[in-house]
1. Taking the Cα centre of the chain as the origin and placing charges on Cβ (Lys, Arg +1; Asp, Glu -1), which of 47, 91, 134 is farthest toward the positive end of the dipole?
2. Calculate the FRET efficiency for residue 68 and residue 119 from the Cβ-Cβ distance with a Förster distance of 30 Å, rounded to the nearest 0.05.
3. Shape of the range 32-124 from its Cα gyration tensor (a ≥ b ≥ c, root eigenvalues): rounded if a/c is under 1.5, otherwise prolate when a/b > b/c, or oblate?
4. Eigenvalues of the Cα gyration tensor times 5, then square-rooted: what semi-axes does that give for the chain, in whole angstrom, largest first?
5. Would you mind checking the pairs 58/129; 16/58; 73/141; 19/129 and listing those with alpha carbons more than 20 angstrom apart?
6. Would you be so kind as to identify all helices of the chain, as entire DSSP H runs, whose Cα atoms reach 30 Å or more along the helix's own axis and whose mean Kyte-Doolittle hydropathy is at least -0.5?
7. Only four residue types carry charge here, +1 at the Cβ of Lys and Arg and -1 at the Cβ of Asp and Glu. Report the dipole size of the range 1-121 about the Cα centre in Debye, rounded to the nearest 20.
8. Please work out the FRET efficiency for the pair residue 53 and residue 26, using the Cβ-Cβ distance as r and a Förster radius of 41 Å; give the result to the nearest 0.05.
Amino acid sequence: MNIQVVYGTISGHSRKIAKAIADALNAGCEDIKNNPMLTGVDLLFVIGGVYGSKYNEKIVAYMENINANQVKKVALIRSAVSQTAIQKENPLVELLQKKQIEVEKEEYTCRGSFLFMGCGHPNKAEIEKAVQFAKRVAASKMIGPKIQQAFTEYLK
Ligand SMILES: Cc1cc2nc3c(=O)[nH]c(=O)nc-3n(C[C@H](O)[C@H](O)[C@H](O)COP(=O)(O)O)c2cc1C
């Protein structure tokens, strides 16, 4: 399975998260500022910060040029100082669905910082949680939805 990680970052938080995930999954890792060309990607992790309550707009612009022939499924990770960012709509979800690219239902928010707020975040433990999220998503993609459903039924 071809797993890739792309990120956009202003203060470097998303880069740290992206590199940790790519290392753990043995995946490629690219900054969207280099406009990476994606081909035959089964699972793409997209990682970016929240600015003025909006997902990094450069990532949204980059994803506008990606189609379902290049990427089958996307999992989104946000870096944000506020955990309420979790409840806010991410414009990327609608954009990807319109392109018929599958989007992982769970979106992960990794705590970041803004001036004195959240100083020192994301820390090691938070990055590790993002890695665990990525491993879960990758594992569920590998075993496939049918086996996953059977497994869920079995656990009930
Ligand atoms: C100008 C500015 C605006 C921000 N706006 C928000 C915001 O609206 N909501 C939020 O949760 N975090 C906000 N943050 C915090 C960033 O989302 C956080 O630092 C994030 O980790 C940045 O990720 P990056 O370094 O990968 O770009 C803001 C940070 C800056 C510098």
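1. 134
2. On the way: r = 41 Å, r/R0 = 1.35.
Step by step, r from the Cβ atoms, then E = 0.15.
3. Working: a/c = 2.11, a/b = 1.88, b/c = 1.13.
Note, shape of the range 32-124 comes out prolate.
4. Values: eigenvalues 113, 72, 45 Å².
The three semi-axes for the chain are 24, 19, 15 Å.
5. Values: 58/129 25 Å; 16/58 18 Å; 73/141 9 Å; 19/129 14 Å.
Correct reply: 58/129.
6. 124-155
7. Details: 14 positive and 12 negative charges, 44 e Å.
Its charge dipole is roughly 220 debye.
8. On the way: r = 34 Å, r/R0 = 0.84.
So, using R0 = 41 Å, E works out to roughly 0.75.
Values in this text are rule-based calculations from the coordinates and carry no lab data. In this text the structure is predicted, and so the values were computed from the model without any measurement. Here Cβ is always computed from backbone atoms with ideal geometry, including for glycine, and neighbour counts include all displayed protein chains.
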